[in-house]
Number of protein chains: 2
Amino acid sequence: MADVNVSRIGDRATPPEGGREAASVEPIWDVIELLFFAYKDFVGDADDVLAKFGFGRAHHRVLHFVFRHPGMKVADLLDLLKITKQSLGRVLKQLIDQGYVEQKAGANDRRQRLLYVTPKGEQLAMKLAGLQTKRIARAFADLGPGGHEGARRFLSALIDADGRDGVLRFIARADRAQGSRG
Amino acid sequence: MADVNVSRIGDRATPPEGGREAASVEPIWDVIELLFFAYKDFVGDADDVLAKFGFGRAHHRVLHFVFRHPGMKVADLLDLLKITKQSLGRVLKQLIDQGYVEQKAGANDRRQRLLYVTPKGEQLAMKLAGLQTKRIARAFADLGPGGHEGARRFLSALIDADGRDGVLRFIARADRAQGSRG
DNA sequence: GAAATATGTCAATATGGCTGACGTAAATGT
DNA sequence: ACATTTACGTCAGCCATATTGACATATTTC
């Protein structure tokens with residue numbers, strides 16, 4: 001966010017919410033816009049690095065989730081990212097061809113292509129996660145104790161109610177799958 | 001998030017962070033992934049409506065910011081969205097041609113095209129903001145008191161330090177510019 | 001052996017970014 | 001007054017990422 005100086009500037013950082021909420025529900029403008037700006041900066045960190053590798057956000061997402069869930073099936077990834085196999089195919093192929101991700105036939109079901117990151121892939125995945133972690137950690141430092149828990153609760157609550165538990169379990173399972181590889 | 005059932009499921013919702021933080025900083029996986037899933041669902045609400053109008057996220061962003069900052073210059077919008085005038089031009093033209101946004105020459109500087117939403121544009125902007133507000137309000141209800149303030153602080157802290165004040169002032173100014181139009 | 005499943009791939013299309021070049025009107029500087 | 005700069009628009013082409021639909025191949029299952 002280099003500069004957002006749209007001619008003049010104001011001062012009040014919070015909208016007037018005292019008491020009743022006007023007719024037809026007054027939009028929660030501040031959070032709507034903060035989500036936009038915060039997310040943009042958040043992914044921007046990684047975008048810059050990815051560009052040097054000739055990759056985009058799509059590659060990042062695949063690399064990230066394969067890293068977090070070693071042995072993931074292609075179908076799992078499709079379901080998770082909610083994209084088509086054709087879209088996934090393109091970026092996955094590049095990641096494989098360039099040695100960031102590798103496939104192994106499933107032991108039980110040999111039609112399956114289980115996905116794993118290579119050491120090279122792990123290095124990039126960790127580099128990207130490190131950048132994002134740095135930003136988040138800085139935010140938590142600003143927020144003081146309870147910041148992490150608060151953020152987790154807020155973000156979880158934003159997720160569609162019917163998919164929330166699945167996402168939380170997914171994240172928890174990844175933590176187990178990877179263990180501590182600091 | 002229809003379903004994220006990647007074969008098996010886990011239980012622990014928070015990573016083991018007790019005490020020291022391994023070598024080279026352990027990534028804050030939960031927040032990294034929650035941001036991804038939360039943001040996806042957050043923008044998904046609007047995407048569905050926009051699709052019915054033949055619009056995309058790019059249209060939403062333009063409509064949103066013009067609505068929030070009536071009389072914005074084209075240059076302001078470019079600086080805010082960080083896109084090129086060619087990219088903006090395409091979607092802005094559609095919004096104007098279809099009567100959602102209108103332009104007026106600047107009073108002082110007649111080269112400027114000041115942007116305003118039409119009543120039709122306001123209606124759509126409010127509809128989209130309403131959907132997002134519903135999601136955020138639901139999250140705040142889950143979080144209890146302090147949820148709004150906590151979210152605002154967390155998201156603000158995520159923004160690049162050097163642009164943060166500008167963004168906060170921008171949001172504050174918009175609140176004044178629009179007043180209560182609930 | 002037939003049918004279903006997991007994956008890969010070809011082809012065409014849409015959206016929303018980008019760069020570069022050029023045009024026009026209005027403001028500004030000397 | 002004229003040259004330059006500014007604000008904006010637009011043409012042309014390219015790239016990344018997503019889509020749909022069709023079809024191929026291996027493997028598992030009924």
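Values for this structure:
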{"quantity": "Charge dipole (segment B:29-143, unit charges on Cβ, about Cα centre) - positive-most of B:HIS64, B:VAL91, B:ALA137", "calculated": "B:VAL91"}
{"quantity": "Rel. contact order, % - alpha carbon contacts under 8 angstrom, at least six apart, segment B:29-143", "calculated": "29 percent"}
{"quantity": "Span from the segment A:25-81 Cα centroid across to the segment B:67-103 one, whole angstrom", "calculated": "26 Å"}
{"quantity": "Principal axis dimensions, largest first and in whole angstrom, of segment B:29-143 by Cα", "calculated": "50, 29, 25"}
{"quantity": "Inter-probe distance in nm under a simple model that places probes 7 Å from Cα toward Cβ, at B:THR118 and A:LYS127", "calculated": "5.0 nm"}
{"quantity": "Length added when fully stretched, A:ALA75-A:ASP48, from 0.36 nm per residue minus Cα-Cα", "calculated": "6.8 nm"}
{"quantity": "Low-density loop cleavage sites - trypsin sites (Lys or Arg not before Pro) in segment B:99-170, where at most 13 other Cβ are within 10 Å (DSSP)", "calculated": "B:ARG110, B:ARG111"}
{"quantity": "Dipole magnitude of segment B:29-143 about its Cα centre (Cβ charges: Lys, Arg +1; Asp, Glu -1), debye to nearest 20", "calculated": "560 debye"}
{"quantity": "Hypothetical label at B:ASP109: residues of segment B:51-73 whose amide nitrogen lies under 11 Å (7 Å Cα-Cβ projection)", "calculated": "B:73"}
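Quick note: the coordinates plus some simple rules give every number you see, no bench work behind them. In this text, all values refer to a predicted model and were calculated from it rather than measured experimentally. Cβ atoms come from the backbone with ideal geometry, glycine included; neighbour counts cover every protein chain shown.
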